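Worksheet for the structure shown next.
Every number in this text was worked out from the coordinates using simple rules, so none of it is lab data. The structure presented is a predicted model; accordingly, all values stated were derived computationally and were not measured. Every residue, glycine among them, receives a Cβ derived from its backbone with ideal geometry; neighbour counts consider all protein chains shown.
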Amino acid sequence: VQFFVATQRVFDLVIAANRLPVDRVVGADGTSQWHRSPGGLVTAMDSVMRHREGAWVGWAGETGEAPAPFEEGGMWLHPVALSDEERETYYEGFSNDTLWPIYHDVIVPAHFHREWWRSYRTVNERFADAVCQVAAQGAKVWIHDYQLQLVPAMVRERRPDVRIGWFNHIPFPPVELFAQLPWRSRILEGLLGADYLGFQRTPDAQNFLRACRQLDGRTTKGDLVTTQDPDGTSRRVRASAVPISVDHQGLEELARTESVQERAKEIRASLGDPEVVMLGVDRLDYTKGIRHRLKAYEELLADGTISSPKVTFVQVATPSRERVEAYKRLRTEVETVVGHINGAYSAIGAPAVHYLHQSYPRAEMAALFQAADIMLVTPLRDGMNLVAKEYVTCRHDDGGALVLSEFTGAWHELRQAFVCNPHDIEGLKQVMLRVMSLPAKDKRRAMRALRRRVADNDVQRWADTFLANLETAPERPSRATTK
Ligand code: ADQ
């Protein structure tokens, strides 16, 4: 049900995420266009919201005044403004240079700045205000990810009538790492404003529950934590795992189209029809283990165990967070290694590594997946990793093989993948060699099992489960004040 209150539309379902599913891109001639924004969250929620009516609150990707709310693809999009300074302090700073490293095992050091925290709080307030503007009486509010951890409590304070859920797309860290955060108690309080908290894996939910117990002395029982609201009333919040997935049916349909299959053949032909095509697809992020996989490949070439162009490696690395120092460094490192490998092992017209620092449409990604004999998903830490599930989905021919890091959420579900520990370069090389030499029928059997798993738990099921958990969360909000 949607209705108008003066000029303001309100909705029964409100999504809040740092980014809107589209970014405003202003061309040289000053005209603006909307482009789909990158990343796993948008990929997943976009397909969920196609089947539901609701509003989406988020940043439109450029600083300055926010554009007016508008409708796009059947969804009401409500932009939230960020200033230049807030992009630096709330987004690049606190979200991506404090929280992201802490939540990903401190692969790079986390930076703590009080002004970043203050900005994080201010922007979270702005998101909470925007959510309250578009939420109908008794609405369900679904908040996403680590950038908005204070929003649940801020919404509850303003709107006790709504039901509040939060989903964490990234890991929740062990208490020893979370404890480093000077603002750890404020973050726990922020999250506990929700009725239901969803995580990718059970160990993530357990880390959260342990933090509530050990850092702030709250009582937990099973997946419930007891908390006190600012008015002194006691309330229980549920925290459990709901692993995210992909739009299995939609993506498989796309992968089956003739044009995608033709394109897959074309890709292999333009690579020179190698015997083995290995593929990596990631945002260019230090959590994804891109350097580890390049190192393993380089050592295999150096050993003479494999040779290029018989074996060819394609690395697609989407540009990401390019203004954050650690990401600039990573890009230089990856590009140096790629240059080094190509200098040493390529033939004219046949580079050993095809490195593509670009974004592609979904159809092109589906074709790339079909063209790849071995998909290398080797993160050092990853909440889920949708690429692994997308690859499996696109292999309707039961071909290909998935090498998967044990440090991804996906590994908890995709146990028939060829597991690796990316820190163990020797082990990673052995897995790559083993997969190359394994009989096709063994790989097909593994692929069939993986495909069944992803088909059973697709993104619609994930969203349905999350919303059902939100609906049945332990205590309904007090509606007394709003009746
Ligand atoms: P991400 O860290 O962004 O997501 P991932 O889950 O792999 O990681 O999702 C990336 C998405 O971007 C995939 O849909 C992929 O196809 C797409 N993509 C990657 N490179 C691309 C390119 N060059 N062109 C076009 N598309 C590209 C975060 C968490 C993950 C979690 C997701 C969802 O870090 O652990 O799985 O959210 O919850």
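Summary table below
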{"item": "Within-11-Å neighbourhood charge of D458 [Cβ basis; K, R +1; D, E -1]", "result": "-1"}
{"item": "For V314, residues with placed amide H under 5 Å, excluding near neighbours", "result": "M278, L279, G280, H354"}
{"item": "Extent along principal axes [Cα atoms of the stretch 19-93; Å; largest to smallest]", "result": "36, 31, 19"}
{"item": "Approximate spin-label separation R210-D303, in nm, with each point projected 7 Å along Cα-to-Cβ", "result": "3.5 nm"}
{"item": "Cα long-axis angle, helix 290-303 against the chain (0 to 90 degrees, to the nearest 10)", "result": "10 degrees"}
{"item": "Extension gain from S270 to A110, taking 0.36 nm per residue of separation minus the Cα-Cα distance", "result": "53.4 nm"}
{"item": "Angle in degrees between helix 114-134 and the longest Cα principal axis of the chain, rounded to the nearest 10", "result": "70 degrees"}
{"item": "Helix 425-437 vs. the chain, principal-axis angle (Cα, 0 to 90°, nearest 10)", "result": "60 degrees"}
{"item": "Residues whose placed amide H lies under 5 Å from that of R36, excluding near-sequence neighbours", "result": "D23"}
{"item": "Over 20 Å (Cα to Cα) - which of K389/K429; K288/K389; K310/K389; K265/K389; K295/K443 fall in this group", "result": "K389/K429; K310/K389; K265/K389; K295/K443"}
{"item": "Segment E85-E426, extension gain: residue separation times 0.36 nm, minus the distance between their alpha carbons", "result": "118.3 nm"}
{"item": "Dimensionless Rg/Rh of the stretch 287-443 - Kirkwood Rh, Rg from C-alpha atoms", "result": "0.94"}
{"item": "Column: log10 I(q)/I(0), Debye, Cα scatterers of the chain, q = 0.08 Å⁻¹", "result": "-0.49"}
{"item": "Placed amide H near R283: partners under 5 Å, 5+ positions off or other chain", "result": "T318"}
{"item": "Inter-part distance where the stretch 334-401 and the stretch 80-107 are each reduced to a Cα centre, Å", "result": "28 Å"}
{"item": "Exposure proxy ranking, count of Cβ atoms within 10 Å, fewest first, for I107, I244, I341", "result": "I107, I341, I244"}
{"item": "All aspartates and glutamates inside 14 Å of K441 as judged from Cα atoms, apart from same-chain residues fewer than 8 positions distant", "result": "D373, D397, D398"}
{"item": "Using a Förster distance of 30 Å, the FRET efficiency for K221-R186 (Cβ separation, nearest 0.05)", "result": "0.80"}
{"item": "Residues H412 and A363, FRET efficiency given R0 of 41 Å [Cβ-Cβ distance, rounded to 0.05]", "result": "0.90"}
{"item": "Added length on full extension, which subtracts the Cα-Cα distance from 0.36 nm per residue, L433 to L356", "result": "25.3 nm"}
{"item": "A468 paired with K310, simple spin-label distance in nm, labels 7 Å along Cα-to-beta-carbon", "result": "5.1 nm"}
{"item": "Environment charge of A468, counting only residues whose C-beta is closer than 13 Å and scoring Lys/Arg +1, Asp/Glu -1", "result": "+1"}
{"item": "Restricting the stretch 1-83 to GluC sites (Glu not before Pro) in coil, as DSSP defines it, with at most 14 other Cβ within 10 Å", "result": "E53, E65"}
{"item": "Of the GluC sites (Glu not before Pro) in the stretch 242-295, those whose Cβ has at most 15 other Cβ within 10 Å and which sit in DSSP loop", "result": "E275"}
{"item": "Positive dipole terminus of the stretch 1-99, leading residue within A60, G74, T89 (C-beta point charges)", "result": "G74"}
{"item": "Size of electric dipole in the stretch 224-349: Cβ of Lys, Arg +1 and of Asp, Glu -1, about Cα centre, debye, nearest 20", "result": "420 debye"}
{"item": "The chain - charge dipole about Cα centre, Lys and Arg +1 at Cβ, Asp and Glu -1, debye rounded to 20", "result": "1220 debye"}
